[in-house]
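Okay, structure first, notes after.
The values are calculated or read from the model by the stated rules, or taken from the named source; none is laboratory data. Being a predicted model, the structure only gives us computed values, none of them experimental. Backbone-built Cβ (ideal geometry, glycine too); neighbour counts: all protein chains shown. Heads up: the accessible areas ignore ligands, DNA and RNA and are worked out on the full protein's heavy atoms, side chains in. Shrake-Rupley method; radii C 1.70, N 1.55, O 1.52, S 1.80 Å.
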Amino acid sequence: NAGVTQTPKFQVLKTGQSMTLQCAQDMNHEYMSWYRQDPGMGLRLIHYSVGAGITDQGEVPNGYNVSRSTTEDFPLRLLSAAPSQTSVYFCASSGSRGVNTEAFFGQGTRLTVV
Amino acid sequence: GQQVMQIPQYQHVQEGEDFTTYCNSSTTLSNIQWYKQRPGGHPVFLIQLVKSGEVKKQKRLTFQFGEAKKNSSLHITATQTTDVGTYFCSSSNTGKLIFGQGTTLQVKP
C-alpha cells in the first residue's frame, strides 16, 4: 500500500494563478482532510470529507475549493493564489465512519506564492 | 466550536531531562490523539486515548487523558536527541480532526 500520496512536493505560483494539489489514498478510508501549516499556527483544517460526494468547511476554508468524486481522491483547488496562501499543505485520511482511528498524512506540499 | 489548546509552544531541554506538553479543551472530548512531526516531515500518529483517566505508555512516553476528558498530557522521561520534533494533540469528531498548535521540542546533546 502506498498510503496517502500527495503531489506536487514543491510549487511556486504567481499571485492570481490557479492550481490543484492532488491527494490520493489507497486504504479505503472514508475520511479525508486538508490542512495548512504555518509557523506557530499548528495544523489548521481547510476542508474535510466524510465520504464520496460529501465535503465540509474547516477552520480556514476561504480561497480553497474541494470535491470528493471518489473515495480515493480529494483534490484541493486554489482558484486565484494569494501570498497569504504561502504555506505547507498536508492531506490526511483516516478510519471508517463511526470508528476513531489514526490519521495518515501525505508528505506535504510546500507552496510559495509570489 | 471544537478547539484544543496546547502548551507550551516551545521547549528546550538538556538531553536526559524530562519533558511534558499539555493539551486543554473547554468542552468534553470524545478522544485525544497524539502525533509527532519530525523537522521537515509529516505528522505521524503516536497514540489514541478514549477513556476517562486513561494512561498509556510507550517506552519513555506516557500519555494521560483527564478524568473530565477535557485535558491530556504527554510526558517524555529522559529525553534523547531522537525525541526532537513537534508534538501535536488532536481530537476527532465524525471525521473532523482538529489539532492543537503543537509543542516544538529541542534537545541539547
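Annotations for the structure displayed:
- Any hit, segment A:47-64, residues being more than 20 Å from B:TYR35 (Cβ to Cβ), open to solvent by less than 30 Å² (accessible area, probe 1.4 Å) and in contact with a His (Cβ under 9 Å, 6 or more places away or on another chain): yes
- Checklist (1) under 14 Å from the mean Cα position of the chain (by Cα); (2) open to solvent by 70 Å² or more (accessible area, probe 1.4 Å); (3) under 24 Å from B:SER92 (Cα atoms) applied to A:LYS9, failing item: (3)
- The condition of being more than 8 Å from chain B (Cβ to nearest Cβ) and open to solvent by 20 Å² or more (accessible area, probe 1.4 Å) holds for only one of A:GLN25, A:GLN37, that being A:GLN37.
- Within segment B:1-29, considering residues that are within 12 Å of chain A (Cβ to nearest Cβ) and more than 16 Å from the chain's Cα centre (by Cα), the one surrounded by the most Cβ atoms within 10 Å (Cβ to Cβ): B:GLN2
- Among (1) within 11 Å of chain A (Cβ to nearest Cβ); (2) touching a His at 6+ places or on another chain (Cβ under 7 Å), the one test that B:THR62 misses: (1)
- Residue match in segment B:35-48 (condition: away from chain A (no Cβ under 14 Å) and at pLDDT 95 or above): no
- Hey, A:GLY108 farther than 19 Å from B:GLN33 by Cα, at the interface with chain B (Cβ under 10 Å from one of its Cβ atoms) and either crowded, with 20+ Cβ neighbours inside 10 Å or in contact with a Gly (Cβ under 7 Å, 6 or more places away or on another chain) (or both) or not: yes
- Residues of segment B:53-100 satisfying the condition of being at positive phi and either surrounded by 17 or more Cβ atoms within 10 Å (Cβ to Cβ) or in contact (Cβ under 8 Å) with a residue 40 or more places away in the chain (or both): B:LYS69, B:ALA78, B:GLY85, B:GLY95
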